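Working notes, structure below.
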Amino acid sequence: MYSTYKTIIEPFKIKSIEPLGFTTREERQEALQRADYNLFKVPADKVLIDLLTDSGTGAMSAEQWAGIMRGDESYAGARSFFTFEKVIKDLTGYKEIIPTHQGRAAERILFNIIGGKDKIFLSNSHFDTTRANAEATGAIAIDLPAPGALDFDKSSNFKGDMDLNLLEKYLKENDPGQIAMVILTVTNNSLGGQPVSMKNIREVNKLCKKNNVVLFFDAARFAENAYFIKLKEEGYSNKTPKEIAKEMFSYADGCLMSAKKDAIVNIGGFLAMNNSDWASRAKEIEILGEGFPTYGGLAGRDLEAIARGLIEVLDEEYLNYRIKSVAYLGDGLRKHGIPIVEPPGGHAVYINAKKFLSHILPEKFPGQALACALYLESGIRACEIGSLMFGKNNNGKFVPAPMELVRLAIPRRVYTQSHIDYVIETFENLAKKKNTIQGLRVIEASPVLSHFTARLVPA
Ligand code: F0G
């Protein structure tokens, strides 16, 4: 059992290190201009602490690196595939396991089978690539977050839940054949990294069964979700994270997973399901684009690292540190009056830029303005989740996103508490000069997933 001391310690020691990118303010100013105020275009060696994403940025364990050496690189039937398959079958209970090179490849394959014109995807919230892959088939992706999910100031336990009343309404009003599937994103990345309760999962399952609709998880952060259930939901405090995760998976027909999050690897993903017809079709599509179904665009060594990561991520000592250390960042920001999405999520703290920079209108991208100011102040890189990512252009009219957030995503097992203290101190300084932060204007943007490539200038 873990320590009951107040001090959270990283439950690992460090064997291999990488230098941080120290820069001067002038260098950062120049880097921002060269990157067109788009942080995806800033070279990583000019970043001090990189909180852009928790995806593919985790540190692997000695055991995972040992697995890399053990990897079997046979084209077909590699031993590493069977190790991978066994771990995922044991965890999820699903029959068909299909590796992919990352999460969005799993989305693309599956949605090509079940999507199409006029089909409807329903979710607590689709992640941006999930939405884009659904929409690319001609389908409509609809978010049904629980009431209160957008009330960022108000803390409650399971703000990642799906709105059951709206779900029931959509299921009733549409022919079951028209609903491609229901997807529960655990945890809900687009709205604060908030967990979904087991109660909600069970209810969503009941509604789907009753209406003959398929339920899948977007399981990128399933272990963090399971640990929140253990901490916050009645009846789960004595269960292990693995028991809870298994129960979660038992209520769905399959899952898509980006292994770059809770499998703590730098690349990888998978599709898992019970429907063998869909699996056969998925494998056909897989061969066209990803590779033979026992490696799916990955190397045998990657499959070993994922298998090991899926075991390590469910370690209670690790999850306790993970959830508490993210909350520690939230506590520090709150102390300096920074408005965050309450409560802090599992993988990230989200800052409410609309509230923090209330002098910047949504059309001037307050989230992106804050992310740029944060970088300029001390070289910390974060990600906007607001109108740059989700805003729309309706015949020339700007339609803002419902939220203007900046996500400080914490890579797994990478940064220590002093790094986090540095982030908190940067915000203490930013809060003093927030009125000097200016909005931005987009000068060029592509129609799909434009935030990755958009060019901006100070407004
Ligand atoms: N689903 C969720 C909930 C995600 O957060 C992501 C990726 C994906 C699917 C797609 O997976 O990147 O392996 O293709 N999220 C990253 C992020 C990019 O920064 O949150 P992928």
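The values are calculated or read from the model by the stated rules, or taken from the named source; none is laboratory data. Just so you know, these numbers come straight off a predicted model, no measurement behind them. Here Cβ is always computed from backbone atoms with ideal geometry, including for glycine, and neighbour counts include all displayed protein chains. Ligands, DNA and RNA are excluded from the accessible area calculation, which covers all protein heavy atoms including side chains. Shrake-Rupley method; radii C 1.70, N 1.55, O 1.52, S 1.80 Å.
What length, rounded to one decimal in nm, is gained on full extension from residue 419 through to residue 153, with 0.36 nm per residue of separation minus their alpha-carbon distance?
Residue separation times 0.36 nm, minus the Cα-Cα distance, leaves 93.2 nm.
Would you mind getting the accessible area per residue of the chain, heavy atoms of the protein chains only, 1.4 Å probe, in Å²?
Numbers: 19720 Å² over 459 residues.
So the chain comes to 43 Å² accessible per residue, rounded to a whole number.
Taking K and R as +1 and D and E as -1, what net charge do the other residues with C-beta under 11 Å from the C-beta of residue 168 add up to?
Here the charged neighbours net out to +1.
Just reorder 422, 328 by solvent-accessible area, largest first, 1.4 Å probe, all chains present.
Descending order: 422, 328.
With the Cα gyration tensor of the stretch 410-449 giving a ≥ b ≥ c as the square roots of its eigenvalues, does the rule (a/c under 1.5 for rounded; else a/b larger than b/c for prolate; else oblate) give rounded, prolate or oblate?
Oblate is the answer for the stretch 410-449, as a/c is 1.5 or above yet b/c matches or exceeds a/b.
State the percentage of accessible surface on the stretch 279-403 attributable to carbon and sulfur atoms; use a 1.4 Å probe and exclude ligands, DNA and RNA. Mind showing how you got there, number by number?
Values: 2370 of 4460 Å².
Within the stretch 279-403, the accessible surface is 53 percent carbon and sulfur.
Can you compute 3J(HN,Hα) from phi for each residue in the stretch 7-12, using the Karplus curve 6.51 cos²θ - 1.76 cosθ + 1.60 with θ = phi - 60°, rounded to whole Hz and x for Gly and Pro?
For the stretch 7-12, the Karplus-derived couplings read 5, 8, 10, 4, x, 7 Hz, x marking Gly and Pro.
According to the square roots a ≥ b ≥ c of the eigenvalues of the Cα gyration tensor, what is the shape class of the stretch 136-203, taking rounded for a/c under 1.5, prolate for a/b larger than b/c otherwise, and oblate for the remainder? Display every interim value, and only then the final one.
Numbers: a/c = 2.11, a/b = 1.70, b/c = 1.24.
Since a/c reaches 1.5 and a/b is larger than b/c, the shape of the stretch 136-203 is classed as prolate.
Give me the distance between the Cα centres of the stretch 152-194 and the stretch 317-388, rounded to whole Å.
23 Å
So who's got an amide H within less than 5 Å of the one on residue 141, skipping anything under 5 residues away but keeping other chains? H placed 1.01 Å off N, in plane.
Placed amide hydrogens put 121 under 5 Å from residue 141.
Between the alpha-carbon centers of the stretch 207-286 and the stretch 3-67, tell me the distance in whole angstrom.
Centre-to-centre distance over Cα atoms comes out at 28 Å.
Return the sequence-ordered ³J(HN,Hα) values of the stretch 428-436 in whole Hz as given by the Karplus equation 6.51 cos²θ - 1.76 cosθ + 1.60 applied to θ = phi - 60°, using x for Gly and Pro.
4, 5, 4, 4, 6, 10, 4, 5, 8
Determine the principal axes of the Cα atoms in the chain, then give the extent along each, sorted from largest to smallest and rounded to whole angstroms.
Computed over the chain, the largest-to-smallest principal extents equal 58, 54, 45 Å.
Once phi is turned into ³J(HN,Hα) by the Karplus curve 6.51 cos²θ - 1.76 cosθ + 1.60 with θ = phi - 60°, what whole-Hz value does each residue of the stretch 354-364 show in order, with x for glycine and proline?
After applying 6.51 cos²θ - 1.76 cosθ + 1.60, I find 4, 7, 5, 10, 5, 7, 9, 6, x, 5, 10 Hz.
Label-point separation (nm) for residue 376 and residue 86, each offset 7 Å from Cα along Cα-to-Cβ?
So the label points at residue 376 and residue 86 sit 5.6 nm apart.
From the square roots a ≥ b ≥ c of the eigenvalues of the alpha-carbon gyration tensor of the stretch 62-312, which class results: rounded (a/c under 1.5), prolate (a/b over b/c), or oblate?
oblate
Residues with beta-carbon under 14 Å from that of residue 328, excluding residue 328: net charge, scoring Lys, Arg +1 and Asp, Glu -1? List each step's numbers first, then the result.
Values: positive: 6, 322, 324, 334, 335; negative: 10, 331, 421, 425.
Net charge around residue 328: +1.
With +1 on the Cβ of every Lys and Arg and -1 on the Cβ of every Asp and Glu, and nothing else charged, how large is the dipole of the stretch 62-312 about its Cα centre, in debye rounded to the nearest 20?
Roughly 320 debye, rounded to the nearest 20.
Using 0.36 nm per residue of separation minus the Cα-Cα distance, give me the extension gain between residue 65 and residue 429 in nm, one decimal. Let's see the in-between values first.
Numbers: separation 364, 0.36 × 364 = 131.04 nm, distance 3.95 nm.
So the chain would gain 127.1 nm between residue 65 and residue 429.
Tell me what the chain gives for mean residue ellipticity at 222 nm when only DSSP H runs of n ≥ 4 count, each as -39,500 (n - 2.57), the sum divided by the residue total, rounded to 500 deg cm²/dmol. Intermediate results must be reported in sequence, preceding the final value.
Numbers: 16 runs with 182 residues, N = 459.
Helix contribution divided over all residues of the chain: -12000 deg cm²/dmol.
Quick one: which residues, 5 or more positions from residue 125 or on another chain, have an amide H under 5 Å from its amide H? H modelled 1.01 Å from N in the peptide plane, none for Pro or chain starts.
144, 185
I want to check the label-to-label distance for residue 17 and residue 266. Put each point 7 Å from Cα in the C-beta direction and report it in nm to one decimal.
For the pair residue 17/residue 266, the computed spacing is 1.9 nm.
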